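> Below you'll find the structure I mean.
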Amino acid sequence: LEIFTDKEGEIILKKYSPIGELGAFAKEYAESLAQTTGHTVCVSDRDQIIAAAGPDKKDMIKKNITKKMEQLLDNRSTLVAASGDREFVPVAENLALSPIICAGDVLGAVIITTKDGKIHFTDTEKALAAAAADFLGRQMES
């Protein structure tokens, strides 16, 4: 929990998000990855999407994390799934998701998505999401 005061002296309570500390950096990383892949790339904390870039970024930013995605994060699962797959998390038609881990704690996820049902993600997108999540986790540690 973060505690702030405003100009009038009112107290503001805000839930602390460690990934939120990387907000601008996470956005730039997402933009770079979105430009490289042509897909929408999101970075989330444990509650919502905090950074998004790519074709569907307006639909994704500030979107809340689903219970199913929370379970994936709790299990530290890296996932590639398409709509209709048993493991699918309803974010878009296809997704690659990898948890951001820092000092043993799951802080959020990197998610690569597309709404194009004709595109099927492969191990390449899974590896890109995992590399981005690892990089952001290491940034949090330093």
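The values are calculated or read from the model by the stated rules, or taken from the named source; none is laboratory data. Predicted, not measured: the structure shown is a model, and the values here were computed from it. Using ideal geometry, Cβ is built from the backbone for each residue, glycine included, and neighbour counts are taken over all protein chains shown. SASA here: full protein model, heavy atoms, side chains in, ligands and nucleic acids out. Shrake-Rupley method; radii C 1.70, N 1.55, O 1.52, S 1.80 Å.
> For residues that are among the acidic types (Asp, Glu) and farther than 17 Å from Ala133 by Cα, scanning just the range 27-79, find the one that is surrounded by the fewest Cβ atoms within 10 Å (Cβ to Cβ).
Per the criteria, the residue is Asp59.
> Now for a different question. Inside the range 107-118, can you point out the residues that are more than 13 Å from Leu79 (Cα to Cα) and open to solvent by less than 60 Å² (accessible area, probe 1.4 Å)?
Hits for the range 107-118 are Leu107, Gly108, Thr114, Gly117.
> Of all residues in the range 7-58, which are more than 21 Å from Ala96 (Cβ to Cβ) and at pLDDT 80 or above?
So the first thing to find is which residues in the range 7-58 are more than 21 Å from Ala96 (Cβ to Cβ), and the list is 7-18, 20-21, 23-24.
Correct list: Lys7, Glu8, Gly9, Glu10, Ile11.
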